[in-house]
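Worksheet: the structure to be examined is printed underneath.
Nothing in this text is a laboratory measurement; each read-out follows from the coordinates by a stated rule. Owing to the predicted nature of the structure, the values given are computational and were not obtained by experimental measurement. Counting neighbours? That spans all protein chains shown, and the Cβs are built from the backbone with ideal geometry, glycine included.
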Amino acid sequence: MAACLDHFGRSVGYMLSFNFNKRKEPGLRRVAVGDKVLWEETI
């Protein structure tokens, strides 16, 4: 994902995950990869 952010010249990205697992943990999670930040929302 960091390579994708580099390609577009961004340092912050957002990802929406649709998880149909009944034992999932829904919510917002911050993932840092080097100097990049990815916000992942699981619903």
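Condition test on Ala3, is it at negative phi, part of a strand (DSSP E or B) and loosely packed, with under 11 Cβ neighbours inside 10 Å? Step through it out loud before you land on a result.
Working: at negative phi: yes; part of a strand (DSSP E or B): no; loosely packed, with under 11 Cβ neighbours inside 10 Å: yes.
So Ala3 does not fit the description; no.
Selection of first residues in region 11-25 that are without any contact (Cβ under 8 Å) to a residue 40 or more places away in the chain and exposed (fewer than 11 other Cβ atoms within 10 Å of the Cβ) and of second residues that are among the polar types (S, T, N, Q) and part of a strand (DSSP E or B), restricted to Cβ pairs under 8 Å at least 6 apart or on distinct chains, gives the following pairs, ordered by first then second residue: Glu25/Thr42. For Ala32, the conditions (1) touching a residue at least 12 places away in the same chain (Cβ under 8 Å); (2) not in a loop (DSSP other than H, G, I, E, B) all hold with the exception of (1).
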